[in-house]
Each structure stands twice: as structure tokens, then as C-alpha cells.
Amino acid sequence: MYTYEFIGSENHEEFEAFVRRHPKGHLQQSWEWSRQKSYWLFQGIVVRDESKEIKGAMSVLIRRIPLTPWTLMYAARGPVCDIHDKEMLACLLEGAKVLAKKHHSYVLKLDPDITFDETEFMEHMKALGFVLAPKAPNFENIQPQYVMRLDIKGKTEDEVMAMFKPKTRYNIRVAIKKGVEVKICGKEAVDDFYRIMIETGARDQFMIRPAQYFSNMLDNLGEDVRLYMAYHEGEAIAGTICAKFGDKVWYLYGASSNTHRNLMPNYLLQWQMIRWAVESGCKMYDFKGISGDLSEDNHLYGLYRFKSGFNATFTEFVGEYRYIFHPLAFRFVEKMLPVARDFVSKFRK
């Protein structure tokens, strides 16, 4: 028999330790990550068995929707538990319902780190009343439904390098031969990273976060995050941010200058981040999102081509689940949000 209880920032230690060691643990399910989301309220749900041991957990972030009385509840890459235990999933949902009533939430969204072939999990979620959103091949939902992952469990650096496609190994050597130097940097390099990020966002047409967001990340994630910068003759030409949690490393952000791209700094940056994962004894390096549409005429195909060069595996998740508490509010807010996002995007540009 399971029982649930709530965890706040003031008593998060046991919650954090469980998420960090669990096989389904994820950076975005950690209390540590919630610190990065300063506009959201963290509420952890833990499920205990009869011996009071934690068997499941879910980090829920709560944010008010402007100009409405409603809040959104979001469990990024949750839950963290035995995904085939329907009683466990039901107990976590009961806790979420209590939070929804307290915080006047119209929906709970979650996008589990679970692949689409886990049919038993999907059957449990449907039986519990969750609705699966339509597939999102081009980043239409909060988190990408398709990612590239590299299995590095038990492998040495040489073994991992040998897995890469010949062209990728060649490009890494090109960067080294032409004098690209990669450094692990602190907040002193955020301005350079942000300047290059602005170039990248304008070139590839995506919205970027403020510089302070990246500076805060180095504070909030501490030793679990690294900012790598690539230099050529003293000039910053590219940068990446990655984070380690448990036995996994995630590539989070990348930026490259419009000049010096022929020096292949992005390949060398990826290799240095992968090396950190190998040195740390991790089992997986996650390149994060790509498009699910792998046709060469897709404007996002370049992401797949670059990441697949490292011989990473194309991975499809089950997608985004919604548990709708208030259907009318859901229909209204979900129609309003895309309009608001478009406005913000145009304003930032």
C-alpha cells in the first residue's frame, strides 16, 4: 500500500537523493533544476511504501497564467518511479490532484523520459485519465519528443571515439589541428557565450533566453553544470552548456559564431562534453532534441545530420501527457498561449 506526501524546497534532501540515484532519475525532475526556474513554484510529491521508504517521486513546477485565475502544473520528464506500477502512478496522480485544487490548476502536463514502445505504461496512463497530445515532430510541445542518445556505459574514450562516423572524427581532428582550444569557463565567459548565442538565434531563427539565465544556471547547478567555450587565437567562436545528474549528461545549449565555422569548433565542443560523461562513469550522453521528420528538405535536418555523426541513437519518447482538471479553462488557455508566445518572440527579436 502506498501513501503520498509533499516536499518543499525547505526539506528537499531525501527527495533529491532518491531522484539522483533512481534509474529513471532526470535532471529536470530534480529540486536542483527547480532553482533555475525562478518563476515557478516547486512542489515535490513522494510516494512511500509501508516501511516509509520512498518508492516514487515527481517534481511538479507550478506557474500562474497571466491575466487568468489559473495555474499550469508541469512535471518535466517525470515521474521517477517503476513506470509499470499502476498503483504507484495512481498515487502520484492523487497527490497532483490535491495540489491542483490548492493552486487552482487547469492541467497537469508531463513528458516522461520513456520511449514510445512502452505500451504497458501508456495503457496505465490512459486508464488513469491522461490524454496524450498529438505527436510533435518539430518541437511543438514543451520538451522535444525526439532526441539523440549515445550509449557510453562501460566504454573508454578511445572506444567512444571509435564509434563516431569517420567524417565526425575527421572534423574533431580538424578543429584540434587548426588551433581551436576548448576551456571550461565560469560566469566571466557568459557575456561572450550570450553574444554568440544572439548570432545563433538570429541565424537559425529561434528565441533565446536572457544572459542572466545562463549565469544563474552556473550558480544553481554548481558542479553539475559546465560552460565550455571554444577559442581561436584568443577569440571566443563557440560555446556549449551541459549538465550531469546521476549517471547521465545532457547537452543543454549551444552557440556558434557566424565566422570561423570552417574550424569545426562544434565538433570539438561535443567531444569534450562527451569526455566529461565518460570520465564521470556515466552510461548515457544525451544530445537533446531533433526533429522527428528526418526528410532532408526539413529545415531542421541539419541537427539530425550533425548529431547522428556521433553515432547517437534516434530516440522517440511517448510524448506529452495532459491530465485536464478544468476542460473549459484548458481550451481557453491553450488557444491563448501560442498567441502570447508569438508576441514574445517578435518582441524579443
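The values are calculated or read from the model by the stated rules, or taken from the named source; none is laboratory data. The shown structure was predicted, so the numbers you read here are calculated from the model rather than taken from an experiment. When we count neighbours, we look across all protein chains shown, and the Cβ atoms used for this are built from the backbone with ideal geometry, even at glycine. Remember, those area values only see protein heavy atoms, side chains included, never the ligands or the DNA or RNA. Shrake-Rupley method; radii C 1.70, N 1.55, O 1.52, S 1.80 Å.
Of all residues in region 229-247, count the ones that are open to solvent by 10 Å² or more (accessible area, probe 1.4 Å), in a strand (DSSP E or B) and touching a strand residue (DSSP E or B) at 6+ places or on another chain (Cβ under 9 Å).
Going through region 229-247 one residue at a time, the tally reaches 3.
Which of the residues spanning region 23-41 are modelled with pLDDT of 95 or more and either of a type in the set (S, T, N, Q) or more than 17 Å from the chain's Cα centre (by Cα) (or both)?
GLN28, GLN29, SER30, SER34, GLN36, LEU41
Would you call GLY95 over 18 Å from the mean Cα position of the chain (by Cα), in a helix (DSSP H, G or I) and closer than 25 Å to LEU41 by Cα?
When the stated conditions are applied, GLY95 passes them.
If you go through region 98-119, how many residues are of a type outside the set (Val, Ile, Thr) and either part of a loop (DSSP other than H, G, I, E, B) or in contact with a Cys (Cβ under 7 Å, 6 or more places away or on another chain) (or both)? Before you say what the answer is, go through the steps one by one.
Looking only at region 98-119, we keep the residues that are of a type outside the set (Val, Ile, Thr), and these are 99-106, 108-113, 116-118.
Now narrow it down to the ones that are either part of a loop (DSSP other than H, G, I, E, B) or in contact with a Cys (Cβ under 7 Å, 6 or more places away or on another chain) (or both): 104, 111-113, 116-118.
Count: 7.
Look through GLU50, GLU87 and report the one residue that is in contact (Cβ under 8 Å) with a residue 60 or more places away in the chain, of a type in the set (Asp, Glu) and surrounded by fewer than 16 Cβ atoms within 10 Å (Cβ to Cβ).
Working: GLU50 fails: in contact (Cβ under 8 Å) with a residue 60 or more places away in the chain.
Matching residue, one of GLU50, GLU87: GLU87.
Please tell me if ASP204 is free of Cβ contacts under 8 Å to residues at least 24 places away in the same chain and either open to solvent by 10 Å² or more (accessible area, probe 1.4 Å) or in contact with a Lys or Arg (Cβ under 7 Å, 6 or more places away or on another chain) (or both).
yes
For residues in region 1-22 being open to solvent by 70 Å² or more (accessible area, probe 1.4 Å) and at pLDDT below 95, which is nearest to LEU61 (Cα to Cα)?
GLU10
Starting from region 243-263, keep only residues that are closer than 19 Å to LEU303 by Cβ, then list their pairs with residues that are assigned to a loop (DSSP other than H, G, I, E, B) whose Cβ atoms are within a distance under 7 Å, requiring at least 6 positions of separation or different chains.
Hits for this filter: VAL249/CYS282.
Has region 209-222 got any residue that is more than 18 Å from ILE184 (Cβ to Cβ), open to solvent by 10 Å² or more (accessible area, probe 1.4 Å) and either assigned to a strand (DSSP E or B) or touching a Gly at 6+ places or on another chain (Cβ under 8 Å) (or both)?
Within region 209-222, not a single residue is more than 18 Å from ILE184 (Cβ to Cβ), open to solvent by 10 Å² or more (accessible area, probe 1.4 Å) and either assigned to a strand (DSSP E or B) or touching a Gly at 6+ places or on another chain (Cβ under 8 Å) (or both).
Out of contact with any Leu (no Cβ under 6 Å at 6 or more places or on another chain) and open to solvent by 70 Å² or more (accessible area, probe 1.4 Å), is that true of LYS187?
No; evaluated as a whole, the condition is false for this residue.
Among the numbered criteria (1) touching a residue at least 40 places away in the same chain (Cβ under 8 Å); (2) farther than 16 Å from ILE176 by Cα, which single criterion is violated by ALA238?
Going through (1) touching a residue at least 40 places away in the same chain (Cβ under 8 Å); (2) farther than 16 Å from ILE176 by Cα one by one, ALA238 breaks only (2).
For residues in region 97-133 being farther than 17 Å from VAL333 by Cα and of a type in the set (Val, Ile, Thr), which is surrounded by the fewest Cβ atoms within 10 Å (Cβ to Cβ)?
Checking each candidate, the answer is THR119.
Can you tell me which residue within region 224-278, out of those that are aromatic (Phe, Trp, Tyr) and more than 30 Å from TRP31 (Cα to Cα), is nearest to the chain's Cα centre (by Cα)?
Filtering region 224-278 for residues that are aromatic (Phe, Trp, Tyr) and more than 30 Å from TRP31 (Cα to Cα), the one nearest to the chain's Cα centre (by Cα) comes out as TYR267.
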